[in-house]
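Encoded as structure tokens, the structure appears first; notes follow it.
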Ligand code: NAD
């Protein structure tokens, strides 16, 4: 990726077996970083990410981010094997419909627990373990992958919208709390992105209308989200700490 130099930097990207996480891992590797490719269940796909990355010394680490003990072990492993973590990208997340007017109370409970447990509490777990390490070094960057849905609404995936709004608030509070440690916390908020997560929706009857939400008549490519992540993690972007950068092709405007 032109313009960014992360030579010698150590980066942990969660959910990097595919989609946006894979694009972020590849972009950091192309910019010279050594990357820890975190995955949950898809070891084969994580290996493909690793194989596509230029440079040497990249590693793969496994954890369910909703499991606090697994996260602690995973972060310790990355610190042990890479020596340190300069940049954390909290990208792992899940999305599925759970409309209130169609769900049983039990389905509603499990959707809220699973989606909040992964997208918000999972990210908070990884952040805690990595931030404690960064604090000891008084240096670091944390970039969280949120969503346009936090602002625009997610009528059929309310827990998802709430999880991403929570992630935004968490990131902004943390940007204030961690500033004295020279740790900067930023957010990217993509609209729809061409990944497996959104494939069924984008290939379905709603797809055309979704693409038309942007005057560019398309959704984002994962590489475009990665570009924003690398900018926020780059040298010189420190004073953007606490920001939320939209990557939505002007499909939803806020000011
Ligand atoms: P994806 O489904 O392709 O990838 C999600 C990744 O998260 C996978 O690698 C998966 O293994 C990992 N993951 C899920 N649950 C996990 C768990 N419990 N523990 C560990 N890892 C787990 O989706 P994507 O589109 O690449 O999404 C990446 C991020 O971008 C997510 O946070 C998502 O909410 C956000 N986002 C996506 C879109 C979109 O349209 N695709 C739009 C806005 C925001």
Do you know which residues across the stretch 230-243 are surrounded by 19 or more Cβ atoms within 10 Å (Cβ to Cβ) and within 16 Å of residue 172 (Cα to Cα)? 232, 233, 241
Condition set part of a loop (DSSP other than H, G, I, E, B) and closer than 20 Å to residue 85 by Cβ, scope the stretch 237-255, selection farthest from the chain's Cα centre (by Cα): answer is 237
Scan the stretch 175-197 and tell me whether some residue there is part of a helix (DSSP H, G or I) and within 16 Å of the ligand (Cβ to nearest atom). yes
With the condition kept exactly as written, say whether any residue in the stretch 145-160 is within 15 Å of the ligand (Cβ to nearest atom), over 24 Å from residue 110 (Cα atoms), touching a residue at least 24 places away in the same chain (Cβ under 8 Å) and surrounded by 16 or more Cβ atoms within 10 Å (Cβ to Cβ). no
Going residue by residue through the stretch 23-31, is there one that turns out to be within 13 Å of the ligand (Cβ to nearest atom), touching a helix residue (DSSP H, G or I) at 6+ places or on another chain (Cβ under 7 Å), closer than 15 Å to residue 233 by Cα and free of Cβ contacts under 8 Å to residues at least 40 places away in the same chain? yes
When restricted to 131, 124, the only residue over 18 Å from residue 20 (Cβ atoms) and either touching a helix residue (DSSP H, G or I) at 6+ places or on another chain (Cβ under 6 Å) or within 14 Å of the ligand (Cβ to nearest atom) (or both) is 124
Does the stretch 213-224 contain any residue that is in contact (Cβ under 8 Å) with a residue 60 or more places away in the chain and part of a strand (DSSP E or B)? no
All helices (runs of 4 or more DSSP H) inside the stretch 1-117 with 2 or more residues being buried (at least 18 other Cβ atoms within 10 Å of the Cβ) and in contact with a strand residue (DSSP E or B) (Cβ under 7 Å, 6 or more places away or on another chain): 19-30, 43-52, 68-82
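No lab work stands behind these numbers, since they all come straight from the coordinates. These numbers come from a predicted model, not from an experiment. Glycine gets a Cβ as well: all are built from the backbone with ideal geometry, and neighbour counts include every protein chain shown.
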